[in-house]
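Okay, so here's the structure we're looking at.
None of the figures in this text is laboratory data; all of them are computed from the coordinates on show. It should be emphasised that the depicted structure is a prediction, and the values quoted were computed from it without experimental measurement. Please note: Cβ atoms are built from the backbone with ideal geometry, for glycine as well, and neighbour counts cover all protein chains shown.
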Amino acid sequence: IQDALSALKIEKAVFKHILTGFLKNNKESANKIRDAFDRKDRESLVQIAHSLKGSAGNIGADRLYKAAHELEAAGRDGAPTSALLETVETALNQVLESLQMLTDISKTEPLHGKKRGVGPDVDPAQVMPLLKQLADALNLAEPEEIKKHIKVIQKYLDISILENLEDQVNDYEYDRALKTLKGIMEKMEKDAR
């Protein structure tokens, strides 16, 4: 974890969100890999291994990265073995179990704060530039900047408005988050008229 934090140059809280996202997005990866292997679907196997390799590299899970890399290469060459598959499953399970312990010990704080309304006390002229800054951060796909801007706008927006956006951000679905944000901005402009 310390190596990954140093390499990524991000705050611990942001990295914790990244780890939580890895856990959430990879709970079924071993089953998907096994299924693709059993169906002799090399294309899917290579795609899943490639995605897992990238995610593992991002969080500093070196053993998993190496195992997924080897599986991806073997899939491309047409020679993935069940032993290689087991190596990936073992490494993945170790990472997932570690991350599950991390989330059990210290539940991550949600990005949003207390419930607030978008009412007469919120000036759209004041909030709109902040939303545009968040949109820029989403376009650049910079997790630390995105988190920083969400913290700023949470002071002005209701939790119910932010929940969907935060879920998308936590799942690294920045394109969908951008669409959600644009919807929030359009609604705010419409309500201000």
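A few points about this structure:
- Principal-axis tilt of helix 174-192 within the chain, Cα atoms, nearest 10 degrees: 10 degrees
- Of Lys9/Lys147; Lys12/Lys148; Lys27/Lys53; Lys12/Lys179; Lys24/Lys53, pairs whose Cα-Cα distance is over 18 Å: Lys12/Lys179
- Using alpha-carbon coordinates, inclination of helix 124-140 to the longest axis of the chain, degrees: 20 degrees
- The range 1-45 and the range 51-92 have Cα centres lying 11 Å from one another.
- Rough spin-label spacing in nm, given labels placed 7 Å along Cα→Cβ, for Asn164 and Glu11: 2.7 nm
- Net length gained if the chain between Glu144 and Ser51 were fully extended (0.36 nm per residue, minus Cα distance): 31.3 nm
- For the range 120-193, size of Cβ-based charge dipole, Lys and Arg +1, Asp and Glu -1, in debye: 220 debye
- Estimated vicinal HN-Hα couplings, Hz - the range 57-70 in sequence order (Karplus 6.51, -1.76, 1.60; Gly, Pro = x): x, 5, 9, x, 7, 5, 4, 5, 4, 5, 5, 5, 4, 5
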